[in-house]
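Read the structure below first, then the notes.
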Amino acid sequence: MFGLGKPVPADGPMNTIQWLGEEINEFIGSNNRSLMLTGEMYYEVDNDIFQRKITRPTEKGGEEELKYKANNKLAHAFYKNLVDEKVNYLLGKEYTLKSDNEEYINKLDWTLGEDFLDILNELGYEASNKGLGWLHIFVNEEGKLDYMVIPSEQVIPIWKDRRHKSLDRLIRLYDVLVYEGTEKKTVTKIELWYPDKVDYYVKDGEQILLDSEKYLNIEGNIGHYLKDGNYAVWNKIPFIPFKNNRIEKGDIKFIKSLVDNYDLSRSDVANFIEEVKNLIFVLKGYGGEDIGEFMDNMNYYRSILIDDVEEGGVDVLNPTMDVEAMKVHFEQLKRDINECGQGVNKDLDKFGSSPSGIALKFLYSGIDLKCNSLEVLFKKAFKELLYFINIYLSESSQGSYKDVPVELIFNKNIKINETETISNCVNSKGVISNKTIMSNHPWVKDPVAEQEQLDKEKEEFGINFDKIPLPNKKVGEGDEE
């Protein structure tokens with residue numbers, strides 16, 4: 001039973017302490033949180049195969065581990081590769097902010113800081129592994145707007161609606177190490193966030209108490225941040241969910257069984273080879289009643305005892321492994337993992353070593369679908385971030401930008417056929433603007449800087465690069481007089 005140091009009455013309405021206890025216990029034991037932790041484990045290639053034990057039934061009805069038997073545990077990094085591929089495809093390049101108000105863009109760049117691309121990457125990994133990435137907004141000790149990614153397994157959102165569009169309350173819990181005298185112990189800190197205040201609690205064992213350290217010399221409620229020495233609030237809970245998909249599930253949910261089967265199958269083959277498992281013993285005149293005893297003696301002593309010397313003996317059958325069937329199974333599993341995980345199609349034997357634009361689009365179709373969904377949800381979350389940035393800019397006397405539209409553009413890290421792209425740029429001259437052509441040229445990283453360099457070289461050397469003939473074109477052919 002939870003309470004402020006006193007037993008909570010069994011009857012009557014549920015108070016906040018009781019409600020917190022119920023929500024925390026339900027969340028900690030939920031399948032949703034378990035899946036979050038599984039996603040993180042598989043990203044670190046700590047797959048379930050590492051928990052495998054080789055056992056056999058005992059006479060008493062239990063199981064005993066056969067430690068002498070080969071137990072290879074081959075964990076494969078399919079899931080990690082798919083997540084890395086996805087995050088780097090969408091968030092590997094610098095993002096672009098687009099607005100008609102250049103002053104606002106400059107203010108956003110300054111407020112977001114140089115580390116925001118790293119924050120987006122961290123949110124991409126958090127969302128991919130756990131279904132949700134949480135960005136916490138706060139004002140730091142220097143009075144500047146700041147943010148940090150909170151591990152999703154620490155956050156319990158209380159939504160207002162079924163579609164999870166807005167938060168009613170939010171619980172954050174995390175463990176800290178404290179000392180009581182010389183004894184070190186773990187205490188769980190609990191934060192209960194409202195749109196207009198924050199309550200702080202501590203869970204010590206099975207008891208939840210108000211965190212007395214937070215309330216020393218404080219009258220009234222604790223706000224979200226300090227402004228001129230006093231607490232102020234955002235009027236919104238300063239936690240923004242960056243969702244992985246509409247159902248808020250991590251990518252591991254869709255491929256875990258396939259990865260587990262691949263790990264298990266490959267480990268079994270390794271065990272088979274290590275144990276020379278293809279040898280089947282045919283016993284004649286063997287007096288032992290327990291076949292397990294025979295195998296124990298074989299593995300430990302490398303010898304067996306035969307009761308009947310004249311008629312007894314051991315024959316060995318040597319069946320062969322169906323190598324082709326195993327290869328087919330492994331290859332199909334790899335294709336299934338890649339297809340269900342919506343990764344880049346790697347069957348290059350069907351497209352050649354230098355696939356064309358259309359073939360590349362087909363190769364990237366799976367990851368493109370996955371990232372398009374992630375992009376929509378991340379852009380929506382970014383708009384929520386603008387709410388807090390606009391308040392901060394206004395309160396720090398940097399201007400009011402409440403209704404100024406701005407777009408976050410992700411520059412996808414797609415591979416291209418450079419020769420084909422350059423040829424298309426050349427063929428587009430005169431059809432579209434030079435600015436658009438330059439922006440799409442694979443060798444141009446900064447179109448503005450490139451145009452400035454072209455103008456500089458034209459001025460220095462008097463060369464009009466637009467008049468330089470293209471390859472396979474005779475001088476003067478097609479040129480204007």
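Data for the structure
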item	result
Solvent-accessible area per residue, Å², over region 84-153 with all protein chains present [probe radius 1.4 Å]	43 Å²
Counted charge near Tyr174, where neighbours are those whose Cβ lies closer than 9 Å (Asp, Glu -1; Lys, Arg +1)	0
Cleavage-rule hits (GluC sites (Glu not before Pro)) in region 129-173: DSSP loop, at most 10 neighbouring Cβ within 10 angstrom	Glu141, Glu142
Solvent-accessible area of Arg33 with every protein chain in place, 1.4 Å probe, in Å² to the nearest 10	60 Å²
Additional length obtainable on full extension of the chain from Ser397 to Glu26, 0.36 nm per residue less Cα span	129.1 nm
Solvent-accessible surface ranking, highest first, for Lys160, Lys67 at 1.4 angstrom	Lys67, Lys160
Rough spin-label spacing in nm, given labels placed 7 Å along Cα→Cβ, for Ser212 and Lys53	4.5 nm
Neighbourhood net charge (12 Å Cβ-Cβ; Lys/Arg +1, Asp/Glu -1) for Met148	-4
Directionally averaged projected area (convex hull, Cα atoms, region 87-127), nm²	3.1 nm²
Alpha-carbon Rg/Rh ratio, for region 1-159, with Rh computed the Kirkwood way	1.14
Ellipsoid equivalent to region 74-182 - semi-axes via the Cα gyration tensor, in Å	27, 24, 18
Solvent-accessible area, 1.4 Å probe, carbon plus sulfur percent, for region 122-178	45 percent
Long-range amide H partners of Ile222 with built H, under 5 Å	Val198
Placed amide H near Tyr231: partners under 5 Å, 5+ positions off or other chain	none
Directionally averaged shadow of region 221-262, computed from the convex hull of its alpha-carbon atoms, nm²	5.5 nm²
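The values are calculated or read from the model by the stated rules, or taken from the named source; none is laboratory data. Note that the structure is a prediction, hence the values are computed from the model and not measured. Cβ coordinates were reconstructed from backbone atoms using ideal geometry, including for glycine residues, and neighbour counts include every protein chain displayed. With ligands, DNA and RNA removed, areas are computed over all heavy atoms of the protein, side chains included. Shrake-Rupley method; radii C 1.70, N 1.55, O 1.52, S 1.80 Å.
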